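Worksheet for the structure shown next.
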Amino acid sequence: MSNEAAATHKLEVVHPDPSQAHKMPYAPAIHIVGACDLMFILRRDRLAALSSHPHRDEEHIHPHSIEEQTRNAMEAIKSILDEVGATWTDVVKVTKYLTDIRDGDGMHATMRTYFGDWLPASTMICINQLSSPGARVELDMIVAMPRRAEG
């Protein structure tokens, strides 16, 4: 982010009890202060955007490992962030859909390698199944980006 763009907004983490923040893999709230643009991202894996519609099962072969599936989703999201000049610290909200809630620890450990110390607000939901056989995780994110100049 350029210095000029960085001045358009800032992100403030909000914790009702900051002394307990170290125990959580997410922030309860992120306050966006100032002008910014919002981008909404949905990604399962790198192949999902390139698949046929209607879906063909042979185009959706997933690794079994929750860590690898999470890494694939995060890499797909990273490609979008890179395309628009955003970073992981611009992500303000993550919604995580899992088919097995017990996969949460492995998913969080993998996500931490991308986010580092930045913890956006987050929701984790356990669902019966995803749109692709064998998929165990799906992520969507809201990104607060510097406002673009009109033109």
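The values are calculated or read from the model by the stated rules, or taken from the named source; none is laboratory data. If you're wondering where the values come from, they're calculated on a predicted model, not measured in any experiment. No Cβ is skipped: glycine too gets one built from the backbone with ideal geometry, and neighbour counts run over all protein chains shown. Heads up: the accessible areas ignore ligands, DNA and RNA and are worked out on the full protein's heavy atoms, side chains in. Shrake-Rupley method; radii C 1.70, N 1.55, O 1.52, S 1.80 Å.
Counting only lysines at least 8 places from K10 when in the same chain, those with an alpha carbon closer than 17 Å to its own are K93. Note on segment 70-111 and segment 118-151: Cα centroid distance 7 Å, given to the nearest whole angstrom.
Using the heavy atoms of the protein chains alone and a 1.4 angstrom probe, what is the accessible area of segment 77-147 per residue in square angstrom? Show your work: numbers first, answer last.
Details: 3240 Å² over 71 residues.
It amounts to 46 Å² per residue over segment 77-147.
When the square roots of the Cα gyration tensor eigenvalues are ordered a ≥ b ≥ c, the ratio a/c for segment 82-151 is 1.5 or more and a/b exceeds b/c, which makes its shape prolate. Suppose R0 equals 41 Å. What FRET efficiency, 1/(1 + (r/R0)^6) with r the Cβ-Cβ distance, do V33 and N128 give to the nearest 0.05? With a Förster radius of 41 Å, E is 0.60.
Computed with a 1.4 Å probe on the full set of protein chains, the accessible area for H108 sits at about 40 Å². Under the criterion of Cα pairs below 8 Å and six or more residues apart, the relative contact order for segment 95-145 equals 58 percent.
Taken along the Cα-to-beta-carbon direction at a fixed 7 Å, the label points for L42 and T87 span 2.9 nm.
For the pair E67 and M24, the difference between a 0.36 nm per residue extended length and the Cα-Cα distance amounts to 13.6 nm.
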